[in-house]
Structures are given as structure tokens and as C-alpha cells.
Amino acid sequence: MEGARAQWAVDRVDAEGYEPDLIDGAPVGEFHQLEPVGSADKLDVCVWRADPATYEYLFENEEAFHVLEGAATVRLLDSGERIDLRAGNVGYFRAGTRSIWTITEPFKKFTVIAN
């Protein structure tokens, strides 16, 4: 049916087909997008993974995630707060939050970003 939009999508966190995630042209990890064909793009849903590294990250949109593997420390630039993340943690950050991520163990998270 031409023009019909899928109502659902199912995938696996161990899926193949990851794409590079870049900040200012520098690789910071990889993501595997999960969305139905013809999605309205109100949410970006993906699995994101990265090896140990440190980089600055601006949450351009509201973002919620579940840490599946690994560990990281997030320092909030405006308040100086430090947030330690490990497998099993669930997090949420408001749009506009400026941060520095230090990934200390290979890291994987299931992420939902509002557009």
C-alpha cells in the first residue's frame, strides 16, 4: 500500500548495522536507529554505544535512556554536578543541558530523544 506508515518497529540491542555518531566531525560512538518506515519523527529511538573516551555533549533535545552496559561519568557544565552511570541506571536530561561525558568502560544505552 503506497504511502502507508508502519505502526510499530522491533529490533534487538545486539543488532548489526550501527552507524557512526559524530560531534563536530569527531566520532564519539555509534548508534542503531529504531523506527518504523515513514515515522513521523517525533521521537528518535536508538541503541547507542561507545568505547572509553571523553567529549563535550549538548543535549539539544530532551533525552531519556537506560544504560545497558558499561560505565560513564557525566559532568554538568552549568552546575558542576557529577553523575555516575552504570548498567541498570535510567537517566533523563532536559534540552539545553551542557555536559562532559567520560566513558570509563565500553558503554551501551537504549535512548529516546524528543524532536
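Nothing in this text is a laboratory measurement; each read-out follows from the coordinates by a stated rule. Values in this document were obtained by computation on a predicted structure and should not be read as measured data. Every residue, glycine among them, receives a Cβ derived from its backbone with ideal geometry; neighbour counts consider all protein chains shown.
Some observations on this one:
- 5 angstrom amide H check on Asn89, placed H, neighbours 5+ away: Val67
- Modelled label positions at Glu105 and His66, each set 7 Å beyond Cα in the direction of Cβ, lie 1.9 nm from each other.
- Based on the reciprocal of the average 1/r between different C-alpha atoms, the Kirkwood radius for the chain equals 15.0 Å.
- Near Asn61, the amide H atoms lying under 5 Å from its own belong to Gly96; only residues 5 or more places off or on other chains count, and H is placed 1.01 Å from N.
- Neighbour counts of other Cβ atoms within 10 Å put Ser99, Ser79 in the fewest-to-most order Ser79, Ser99.
- Each residue of region 63-73 is assigned a 3J(HN,Hα), and the resulting list reads 9, 10, 8, 10, 6, 8, 8, x, 8, 7, 10 Hz, derived from the Karplus form 6.51 cos²θ - 1.76 cosθ + 1.60 (θ = phi - 60°), x at Gly and Pro.
- Residues whose amide H comes within less than 5 Å of that of Ala53, counting only those at least five positions distant or on another chain, are Ile103 (H built at 1.01 Å from N in the peptide plane).
- Loop sites in region 43-115: GluC sites (Glu not before Pro), DSSP, at most 10 other Cβ within 10 Å: Glu81
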